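K.L.:
The structure under discussion is supplied below as structure tokens; questions concerning it will follow.
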Amino acid sequence: MITGSAAMVTERATWSERTAGWIRDAMDVELPLFGVCYGHQLMAHALGGRVDYLPGGREIGTQSIELSSDVAHDPLASALPASFRAHTTHEQSVLEPPPGSAILARSARDPHQLLRYGPNAVSAQFHPEFNADVMRAYIKRKHADMQREGADPQQIFSAVAATPFARRLLRRFSRRHGWSVADG
């Protein structure tokens, strides 16, 4: 698991660039990798994609995620419905996926919500590990920033909903690779 972070991939921090090198090495031996948010962006960066600030600003709240039309044979995405909800909170995003990666899903604002890099490597911009309470806590924490950016935090807070399919994605990946994940 390559998790989220308050850092930005574009900062090119030493620890982050070392982790990008580790990701490339892990890909060489087909180690199972699942990146989330910052981890998603770092995986894309490490493998030749481009990461920067999401045009239009922050994406936060419960979003509708749409699967790409060509996911029928993907071992993870094929088990998802064509449209499902997921929690997001990010300012940066994958603007250009790495060569050879597959775009599995998108949101209205972010065309690269779910990417596959190889048989054992996938990443999600959205947060499959979040439940509604965690999403609401992030919105409360970012309330002032959201207002300053012209968003309506109360409307976004009120629209938070359960995301059972997004949460199942992480469990399915874990089970596929022999990991144990607690339900929560």
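The values are calculated or read from the model by the stated rules, or taken from the named source; none is laboratory data. Keep in mind that this is a model prediction, so the values were computed, not measured. Please note: Cβ atoms are built from the backbone with ideal geometry, for glycine as well, and neighbour counts cover all protein chains shown.
K.L.:
Would you pick out the residues in the stretch 117-134 that are over 18 Å from F84 (Cα atoms), in contact with a helix residue (DSSP H, G or I) (Cβ under 9 Å, 6 or more places away or on another chain) and of a type outside the set (A, V, I, L, M)?
P.N.:
Y117, G118, N120
K.L.:
Okay, moving on. Looking only at residues that are part of a helix (DSSP H, G or I) and in contact with a Lys or Arg (Cβ under 9 Å, 6 or more places away or on another chain) in the stretch 139-149, which one is nearest to G61 (Cα to Cα)?
P.N.:
M146
K.L.:
For the stretch 11-25, how many residues meet the condition of being surrounded by 14 or more Cβ atoms within 10 Å (Cβ to Cβ) and either assigned to a strand (DSSP E or B) or of a type in the set (S, T, Y) (or both)?
P.N.:
Going through the stretch 11-25 one residue at a time, the tally reaches 2.
K.L.:
Does R116 meet the test of being modelled with pLDDT under 95, within 20 Å of I2 (Cα to Cα) and either β-branched (V, I, T) or more than 11 Å from the chain's Cα centre (by Cα) (or both)?
P.N.:
Values: modelled with pLDDT under 95: no; within 20 Å of I2 (Cα to Cα): yes; either β-branched (V, I, T) or more than 11 Å from the chain's Cα centre (by Cα) (or both): yes.
For R116, the condition - modelled with pLDDT under 95, within 20 Å of I2 (Cα to Cα) and either β-branched (V, I, T) or more than 11 Å from the chain's Cα centre (by Cα) (or both) - is not met.
K.L.:
Has the stretch 160-167 got any residue that is among the charged types (D, E, K, R) and over 21 Å from L54 (Cα atoms)? Explain how you work it out, then say what you get.
P.N.:
Keep residues of the stretch 160-167 that are among the charged types (D, E, K, R), which gives 167.
Pick out the ones that are also over 21 Å from L54 (Cα atoms) and you get 167.
Taking every residue of the stretch 160-167 in turn, at least one turns out to be among the charged types (D, E, K, R) and over 21 Å from L54 (Cα atoms).
K.L.:
Suppose we filter A46, A79 for residues that are closer than 25 Å to A161 by Cβ and in contact (Cβ under 8 Å) with a residue 24 or more places away in the chain; which single one remains?
P.N.:
On the way: A46 fails: closer than 25 Å to A161 by Cβ.
The match here is A79.
K.L.:
For the stretch 65-80, does any single residue satisfy the condition of being in contact with a His (Cβ under 7 Å, 6 or more places away or on another chain) and at pLDDT 95 or above? Can you show your working first?
P.N.:
Residues of the stretch 65-80 in contact with a His (Cβ under 7 Å, 6 or more places away or on another chain): none.
No: zero hits.
K.L.:
Quickly run through the stretch 3-29 and pick out the residues that are at pLDDT below 95 and not hydrophobic (A, V, I, L, M, F, W, C). If you could, list the steps in order and put the result at the bottom.
P.N.:
Of the stretch 3-29, the ones at pLDDT below 95 are 3-7.
Of everything in the stretch 3-29, those that are at pLDDT below 95 and not hydrophobic (A, V, I, L, M, F, W, C) turn out to be T3, G4, S5.
K.L.:
If you take the residues of the stretch 72-95 that are touching a Lys or Arg at 6+ places or on another chain (Cβ under 9 Å) and not in a strand (DSSP E or B), which of them is nearest to M146 (Cα to Cα)?
P.N.:
E91
K.L.:
While we're on this one: Just a yes or no: is a residue in the stretch 98-105 surrounded by fewer than 24 Cβ atoms within 10 Å (Cβ to Cβ), outside any strand (DSSP E or B) and in contact with an Asp or Glu (Cβ under 9 Å, 6 or more places away or on another chain)?
P.N.:
no
Okay, residues lined up against (1) more than 13 Å from I60 (Cβ to Cβ); (2) in contact with a strand residue (DSSP E or B) (Cβ under 9 Å, 6 or more places away or on another chain); (3) part of a loop (DSSP other than H, G, I, E, B); (4) acidic (D, E):
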{"residue": "D110", "(1), (2), (3), (4)": "no, yes, yes, yes"}
{"residue": "V122", "(1), (2), (3), (4)": "yes, yes, no, no"}
{"residue": "E129", "(1), (2), (3), (4)": "yes, yes, yes, yes"}
{"residue": "A137", "(1), (2), (3), (4)": "no, no, no, no"}
{"residue": "A151", "(1), (2), (3), (4)": "no, yes, yes, no"}
{"residue": "R171", "(1), (2), (3), (4)": "yes, no, no, no"}
{"residue": "S174", "(1), (2), (3), (4)": "yes, yes, no, no"}
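K.L.:
Could you list, in sequence order, the residues of the stretch 124-159 that are farther than 23 Å from V51 by Cα, of a type in the set (G, A, S) and under 19 Å from the mean Cα position of the chain (by Cα)?
P.N.:
Listed by number, the residues that qualify are A132, A137.
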